[in-house]
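Below: the structure, in structure tokens.
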Amino acid sequence: MKDKCIVVGITGGIAAFKICSLVSSLKKKGNEVHVLMTKEAQEFITPLTLQTLSGTRVITDMFSVDYEPDVHHISLAKKADVFVIAPATANIIAKIAHGIADDMLTSTFLACQAEKLIVPAMNTGMLENPVTQDNIEACRRYGIHVLDSASGYLACGDTGKGRMPEPSVIQDAIEAIASKDRYLTGKKVLVTAGPTQEALDPVRYITNHSSGKMGYELARAARNAGAEVTLVAGKTALADPVGIEVVPIVSAADLAEAVLGRSESQDVIIMAAAVADYTPVTVVDQKIKKSEGEFSVPLKRTTDVLKALGERKKTGQILIGFAMETQNLIENAGKKLASKNADYIVANSIADAGAGFGVDTNKVTILSKDGEKSLGLLSKEETAEKILEFCVKKES
Ligand code: CTP
């Protein structure tokens, strides 16, 4: 997401200090960011901090004579692609649920016709109070997106629901609603991501270096294009993306069951996971003790899920596989395209700088029966968008 106008409203909750990193990150990605603060928010964090990070004038006062001669709550409301209020206190939620516009933030929010998001953050008792719940429900009814609060330790000393989700999660929620090109609306997309783990005994397993980043970005890109997305994910260090059903798996067998059980209803399936080709013949119950001499583990083949999907592919379903190679990239990827009956194989070579495991960039070539297309070195986010545009958008 870049080149969007994001208006960030901050209200008086302790989580206000975390919004600095959201504003900074939105700006760094190339968006225009405007900040509106209530009087109470300024007790927690200064406008100067937000002004420095956003690079735009922070608006706090409805009647200041210092502003340029336009009506700010109207001009900002018109400019916004997304208007987010975070943290949103019980008080601000009550106001916006009832159309109260008694300061700059609430007036601008009421005037704004763009996508709107509120991020409730408060004490558990305040959140669970039926009045607050009714107000949140009213906001939803009025088409305002609501990001669920997280659970955990609260500044008031309680532990429970009401924590503001981390800024990266709020940014993900903004990205989910900011896109205007919703070419996958009404479509179901299943993505696999990350490594699998094949247990040897209760403490050891065989795995690979996959971070899951490419698959997660593909899932996000499909969501941003309007699809209903399922992400079948091996163990990674990544946070669950907002608005996506995440199905956690551990082994190749788990992945096969999760994917093949859901494949029938999918319009697009993207196999980005690094699935183990072999698993131990037996998993022993107790920890294997060392002994002198060599040690070997008999392995057996796992299900080739991509191949199984290719065999049962229904008309119109788009099947995309990945091929990570160390040599003969195009030749090996081309063989996979044919042998697995895939529509596209996204190939990369881990010999290329900036491509492959762990890094935030990738350099892929997409193969299809019609030829090949190289995307060049891009962030995994951009690579994901371009893969979907090339393989799916042109067919939708
Ligand atoms: N894949 C799969 N099931 C497996 C192994 C791999 O569905 N048991 C999928 C991967 O998710 C990827 C594609 O198959 O989309 C290619 O994976 P890769 O490991 O590169 O190729 P293999 O077919 O396993 O062939 P080889 O190991 O010989 O390169």
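The values are calculated or read from the model by the stated rules, or taken from the named source; none is laboratory data. Bear in mind the structure is a predicted one, so any value in this text is a computation, not a measurement. Methodologically, a virtual Cβ is constructed for each residue, glycine included, from the backbone with ideal geometry; neighbour enumeration extends over all protein chains shown. We work out accessible area using only protein heavy atoms, side chains counted, and drop any ligands, DNA or RNA first. Shrake-Rupley method; radii C 1.70, N 1.55, O 1.52, S 1.80 Å.
Considering only the range 277-288, state which residues are within 14 Å of the ligand (Cβ to nearest atom), open to solvent by 40 Å² or more (accessible area, probe 1.4 Å) and either in contact (Cβ under 8 Å) with a residue 40 or more places away in the chain or part of a helix (DSSP H, G or I) (or both). Write out each step before concluding.
Step one: list which residues in the range 277-288 are within 14 Å of the ligand (Cβ to nearest atom), which gives 277-279.
Then drop every residue that is not open to solvent by 40 Å² or more (accessible area, probe 1.4 Å), which leaves 277-278.
Passing the criteria: only Tyr278.
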Practice task
Under 7 Å between Cβ atoms, at least 6 apart or on separate chains: pull out the pairs that start in the range 319-332 with a residue that is within 9 Å of Ser349 (Cβ to Cβ) and end on any residue that is more than 10 Å from the ligand (Cβ to nearest atom) and open to solvent by 70 Å² or more (accessible area, probe 1.4 Å).
Solution key: Met324/Ile350; Thr326/Ile350; Thr326/Ala351
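Please find, among Ala253, Ala237, the residue that is away from the ligand (no atom under 16 Å from the Cβ), aliphatic (A, V, I, L, M), modelled with pLDDT of 95 or more and open to solvent by 60 Å² or more (accessible area, probe 1.4 Å). Let's see the steps before the verdict.
Values: Ala253 fails: away from the ligand (no atom under 16 Å from the Cβ).
Testing whether each residue is away from the ligand (no atom under 16 Å from the Cβ), aliphatic (A, V, I, L, M), modelled with pLDDT of 95 or more and open to solvent by 60 Å² or more (accessible area, probe 1.4 Å) leaves just Ala237.
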Fill in the blank from the handout: Of those in the range 228-285 that are hydrophobic (A, V, I, L, M, F, W, C) and over 26 Å from Asp343 (Cβ atoms), the residue nearest to the chain's Cα centre (by Cα) is Val242
Fill in the blank from the handout: Within the range 196-209, residues being open to solvent by 10 Å² or more (accessible area, probe 1.4 Å) and either closer than 16 Å to Ala219 by Cβ or touching a strand residue (DSSP E or B) at 6+ places or on another chain (Cβ under 8 Å) (or both) number 8
Fill in the blank from the handout: Residue hits (the range 294-315; open to solvent by less than 70 Å² (accessible area, probe 1.4 Å) and either more than 10 Å from the ligand (Cβ to nearest atom) or among the β-branched types (Val, Ile, Thr) (or both)) are Val297, Thr302, Val305, Lys313
Fill in the blank from the handout: Output for Cβ contacts, cut-off 6 Å, separation at least six or different chains, first residue assigned to a helix (DSSP H, G or I) in the range 247-276, second away from the ligand (no atom under 11 Å from the Cβ) and open to solvent by less than 40 Å² (accessible area, probe 1.4 Å), reads Leu255/Ile249; Ala258/Val247; Ala258/Ile249
Handout entry: Meets criteria (within 10 Å of the ligand (Cβ to nearest atom), under 22 Å from Tyr278 (Cα atoms), surrounded by 16 or more Cβ atoms within 10 Å (Cβ to Cβ) and of a type in the set (A, V, I, L, M, F, W, C)) for Leu319
Key = no
Completion exercise
Scanning the range 232-246 residue by residue, the ones that are in contact with a Pro (Cβ under 7 Å, 6 or more places away or on another chain) and part of a strand (DSSP E or B) total 1
Practice task
Those residues that are out of contact with any Phe, Trp or Tyr (no Cβ under 6 Å at 6 or more places or on another chain), in a strand (DSSP E or B) and of a type in the set (A, V, I, L, M), I need them from the range 1-28; list them, please.
Solution key: Ile6, Val8, Ile10
Exercise for the section: Kindly indicate the residue of the range 210-234 that is under 20 Å from Val146 (Cα atoms) and among the charged types (D, E, K, R) and also least open to solvent (accessible area, probe 1.4 Å) among those meeting that condition. Expected result: Arg223
